[in-house]
Amino acid sequence: MDILCLPTYIINLKKRTERLTHVLNEFKDKEEFKITVIEAVEDSVGAAGLWKSMIKIINLAIENNEDVIVLCEDDHQFTKNYNKEFLFENIVDAYNQGADILCGGISGGFGHVLPLTKNRFWIDNYWCNQFIVIYKSFYQTMLETEFDRTKKVDNTLSELTSNKMVLYPFISEQKFFGYSDVTKYNQDHPEWTQNRFAMASEKLQVIQEVYRYYYE
């Protein structure tokens, strides 16, 4: 898989101008991303609106004949660990290993983790979609899925495929704006929202250290 410029779709509610300004600023000096802003679908159930927005993006990816896309929510922010070469190399390697989803950073949700390399882990489940790579192999599965409005989007995606991976160290985390348009729990518990990326990172660090000890 040759990657010159990553098709990158950013989901943003039109009224959330401060979030759009933030996320565009994250990409302003990164020419490796081809940015398209997608107006989010509003729904009385925030997760359902997010899912509809994702499906809109998948249809665009198919129309544009894109083999791989980056899907971002407007609260994405790069960590100090972001590196273009690191991302591109792992996108290609994950593709060769049959990945459907590659996460740039997660806030937990996993029960089982398997190190594939020192910087990329297989996961059984994950939380947060602020920066995910989706491969063409997964497009049709998403299109054929009827979203359960009682579920969260990350849980739904986790259930749809076992071929999920996450980069470590994380290259992406969420910026908390003091509210959430998707998950009420996140809005009511800001301290949990802000700490859970660190908690997930600490768990993966332990696994990485074990991997390095035995395999390097």
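The values are calculated or read from the model by the stated rules, or taken from the named source; none is laboratory data. Computed from a prediction, not measured in an experiment: that's the story for all the values here. Here the Cβ positions follow ideal geometry from the backbone for every residue, glycine too, while neighbour counts run over all protein chains shown.
Is it true that some residue in region 65-80 is of a type in the set (Phe, Trp, Tyr) and either over 25 Å from residue 39 (Cβ atoms) or over 14 Å from the mean Cα position of the chain (by Cα) (or both)? Taking every residue of region 65-80 in turn, none turns out to be of a type in the set (Phe, Trp, Tyr) and either over 25 Å from residue 39 (Cβ atoms) or over 14 Å from the mean Cα position of the chain (by Cα) (or both). Checking the stated criteria, residue 90 turns out to be within 15 Å of the chain's Cα centre (by Cα) and not small (Gly, Ala, Ser).
For region 41-48, check the following and say yes or no: at least one residue is of a type in the set (Gly, Ala, Ser), closer than 20 Å to residue 4 by Cα and touching a residue at least 12 places away in the same chain (Cβ under 8 Å). There is no residue in region 41-48 that is of a type in the set (Gly, Ala, Ser), closer than 20 Å to residue 4 by Cα and touching a residue at least 12 places away in the same chain (Cβ under 8 Å). Of all residues in region 137-157, which are within 18 Å of residue 68 (Cα to Cα) and surrounded by 14 or more Cβ atoms within 10 Å (Cβ to Cβ)? Listed by number, the residues that qualify are 137, 138, 139, 142, 157.
Taking the condition outside any helix (DSSP H, G or I), closer than 18 Å to residue 174 by Cβ, in contact with a Ser or Thr (Cβ under 6 Å, 6 or more places away or on another chain) and of a type in the set (A, V, I, L, M), does residue 11 pass? Against the criterion (outside any helix (DSSP H, G or I), closer than 18 Å to residue 174 by Cβ, in contact with a Ser or Thr (Cβ under 6 Å, 6 or more places away or on another chain) and of a type in the set (A, V, I, L, M)), residue 11 qualifies. Restricting 92, 41, 70, 37 to those that are modelled with pLDDT of 95 or more and assigned to a loop (DSSP other than H, G, I, E, B) reduces the list to 41. Looking at region 199-216, which of the residues that are surrounded by 11 or more Cβ atoms within 10 Å (Cβ to Cβ) and among the hydroxyl-bearing types (Ser, Thr, Tyr) is nearest to residue 107 (Cα to Cα)? Filtering first and then ranking leaves 201.
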